[in-house]
Amino acid sequence: MTKPPNSTALADNTPSCGSDDPELARLQAGRGGPVDHPRIERAVREILLAVGEDPDREGLLQTPARVARMYAELFSGLHQDPRVHLQTAFTEKYDEVVLVRDIAFHSVCEHHLLPFIGKAHIGYIPDGRVLGLSKLGRIVEVVARRPQVQERLTETVADLLVEELGAKGVAVVVEAVHTCMTIRGIRKPGSECVTSAMKGLFRSNVSSRAEVLSLIYGRRSS
Ligand SMILES: [Zn+2]
């Protein structure tokens, strides 16, 4: 099976013992997790100095440590494999569209390290195997908790459902507000970025695609 584009080396079930990749061994070592907190703390202190702040004033003293903990949380998906949530799929004779709308997520734009926040809608046509509905949310969360671009997030989730679940059709639509567009740069508050990935039947069959899009957008309250 093809690796999803956003999977990391850690996604492989490479045992840490005997691995001669020192970087991988370092990442896998210790209960403190694979994130190097002291390194982030040093870097944040450097940034504060670089912008003309005094990192030793009272209000900033704990900031590097806080930011390190925050990044460890926001990027925790780098060290998780979303495919574990697909292993729980079960056999079910159902071959119509399964749709979960409004899966809230937050991610971090890899170009500016600023958050983008939105909703994902996922529809698929099973081919004998169905996934617990909450698992779709788990998959989105793992993929979102990485430095990301919205396009890749959308494609990665769709590819996982095609490759690991064997769905006959997959439609993923993601709507998000990017703070790198709303608070800096072109400063367009309220502007929303929409991306979609259509696979299998939803790509090849116009009426299937129209059906899933009407399910996504059809009965919206807002
Ligand atoms: Zn950005």
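Run the numbers for ILE117 and LEU60: contour at 0.36 nm per residue of separation, minus the present Cα-Cα distance, in nm.
17.9 nm
The value for the stretch 89-217 of Rg(Cα) / (2.2 N^0.38 Å) is 1.08.
When the P(r) is computed for the stretch 39-151, the part past 25 Å accounts for 41% of the Cα-Cα pairs.
The simple spin-label model puts a point 7 Å past each Cα toward its Cβ; for LEU215 and GLU53 those points are separated by 4.7 nm. So what is the relative contact order of the stretch 35-167, in percent, for Cα pairs below 8 Å that sit 6 or more residues apart? With pairs under 8 Å counted, the relative contact order is 26 percent.
Only the coordinates and a few stated rules stand behind these numbers; no lab work does. What you see is a predicted model; the values in this text were computed from it and never measured. Reconstructed Cβ throughout: ideal geometry from the backbone, glycine too, with neighbour counts over all protein chains shown.
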